[in-house]
Amino acid sequence: MKKTIIANWKMQLGFKDSQMLIKELKQKIKKTSSEIVICPDYLSLSSASSVFKGTNFNLGAQDCAIKASGALTGEVSPVSLKEIGIRYVIIGHWERRTVLGENSELINAKIKSALAAKLIPILCIGENLAEREAGLAKKVLLGQIKAALQGINIKVSSNLVIAYEPIWAIGTGESIIPFEANTIHTFIKNEVNKVLGKNIRVVYGGSVNSSNSFEFLKQKNVDGLLVGGASLNVKEFSSIVNN
Ligand code: 13P
């Protein structure tokens, strides 16, 4: 199966720099064996959709609203995202859970609204350092899976992606050992299978770069990567996707 490599640009670039990076990526990355998903900020999605038309690049949003339309000041409808050619949407990233206070009910509602609009949610889950050190990682992940997927059905396994992002590895330069990621991904796949009856993709995120990506992608149950900082550098990102 093709590996899925997702770039999460977060809010790291201004509008002009995003436009430049989109064009550079199109020029530099012509052919890869993996599926590529670029997630710029909302403002850049529409132009990215035009630039990437007819290429191998897929686009993802970094969030979406809990419903298709309504009085929700400042939110962006998953239906509008679908209309402009967006395929994926990141939901429940830890920065949104912690800095912006998103709880599991909100995350569950966002997954439902994304699926209803025929977007593919990339659900982020992960334990923090204290939980890991206390041996609670699996318990925490299981709680996040159950809460996020409550009442959810998917028709085919490709309609949902889980991103395992241990919080202590995000932006720290310290990633998990690839073999350990594989063990946790196996656990996540089994638990999600119990809830949804599907074998879904699980990608790894947290301090991925061109030096460690190969080892991660070699693991059987690492179906791809969710890349933050390293996805902002064309050379670095193209070397990750061409691994
Ligand atoms: P870094 O790759 O910068 O650690 O970020 C990971 C992440 O949060 C991707 O969603």
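The values are calculated or read from the model by the stated rules, or taken from the named source; none is laboratory data. Fair warning: this is a prediction, and the values are worked out from it, not measured in the lab. We place every Cβ from the backbone using ideal geometry, glycine too, and count neighbours over all the protein chains shown. For the accessible areas, the whole protein counts, side chains as well, though only heavy atoms, and no ligand, DNA or RNA atoms are used. Shrake-Rupley method; radii C 1.70, N 1.55, O 1.52, S 1.80 Å.
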Tell me the relative contact order for the range 150-243 as a rounded percent, counting alpha carbon contacts under 8 Å between residues six or more apart. 30 percent
Length-normalised contact order for the range 147-205 - Cα pairs under 8 Å, 6+ apart - percent: 51 percent
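Sum -39500 (n - 2.57) across every DSSP H segment of at least 4 residues in the chain, then divide by the residue count to get the 222 nm mean residue ellipticity, nearest 500. All intermediate terms of the calculation are to be shown ahead of the outcome.
On the way: 10 runs with 98 residues, N = 243.
Calculated from helices alone, the mean residue ellipticity at 222 nm is -12000 deg cm²/dmol.
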Proximal lysines relative to Lys118, as straight alpha-carbon distance under 25 Å, when same-chain residues fewer than 8 apart are discounted: Lys2, Lys3, Lys10, Lys53, Lys67, Lys82, Lys110, Lys146, Lys155, Lys189, Lys194, Lys198
Taking square-rooted eigenvalues a ≥ b ≥ c of the alpha carbon gyration tensor, is the range 52-100 rounded, prolate or oblate, where a/c under 1.5 means rounded and, failing that, a/b exceeding b/c means prolate? oblate
Integer Hz, Karplus 6.51/-1.76/1.60 couplings in order for the range 209-216, x for Gly and Pro: 8, 5, 7, 10, 4, 4, 4, 5
Quick one: length gained pulling Leu142 to Lys23 fully straight, 0.36 nm per residue minus the C-alpha distance? 38.9 nm
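Need one word for the range 182-243: rounded, prolate or oblate. Basis is the Cα gyration tensor (sqrt eigenvalues a ≥ b ≥ c); a/c below 1.5 gives rounded, then a/b vs b/c decides. Numbers along the way, then the final one.
Numbers: a/c = 2.93, a/b = 2.43, b/c = 1.21.
Judged from the Cα gyration tensor, the range 182-243 comes out prolate (a/c at least 1.5, a/b above b/c).
Quick check for you: with a 1.4 Å probe and neighbouring chains kept, what is the accessible area per residue of the chain, in Å²? Could the numbers behind the result be given before it?
Working: 11410 Å² over 243 residues.
On a per-residue basis, the chain sits at 47 Å².
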Can you tell me which of 85-91, 212-218 comes out highest on packing, and rank the rest after it, using the mean Cβ neighbours within 10 Å? 85-91, 212-218
Can you send over the carbon and sulfur percentage of the accessible area for the range 132-222, probe radius 1.4 Å, protein chains only? 51 percent
Under a point spin-label approximation (7 Å from Cα along Cα-to-Cβ), what is the Ser104-Ser47 distance to one decimal in nm? 4.1 nm
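Quick check: from the Cα gyration tensor, does the range 1-93 come out rounded (a/c under 1.5), prolate or oblate? Can you show the working numbers first?
Numbers: a/c = 1.93, a/b = 1.53, b/c = 1.26.
Since a/c reaches 1.5 and a/b is larger than b/c, the shape of the range 1-93 is classed as prolate.
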Multiply the residue gap between Phe179 and Val156 by 0.36 nm, knock off their C-alpha separation, and tell me the result in nm, one decimal place. 5.5 nm
Give me the percent of Cα-Cα pairs in the chain that sit more than 28 Å apart, rounded to a whole number. 26 percent
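Subtracting the Cα-Cα distance from 0.36 nm times the residue separation, let me have the gained length for Gln12 to Ser211 in nm, one decimal.
Values: separation 199, 0.36 × 199 = 71.64 nm, distance 2.19 nm.
Roughly 69.4 nm would be gained on extension.
Could you give the DSSP H helices of the chain that reach 24 angstrom or more along their long axis (alpha carbon positions) and whose average Kyte-Doolittle hydropathy is no lower than -0.5?
178-196
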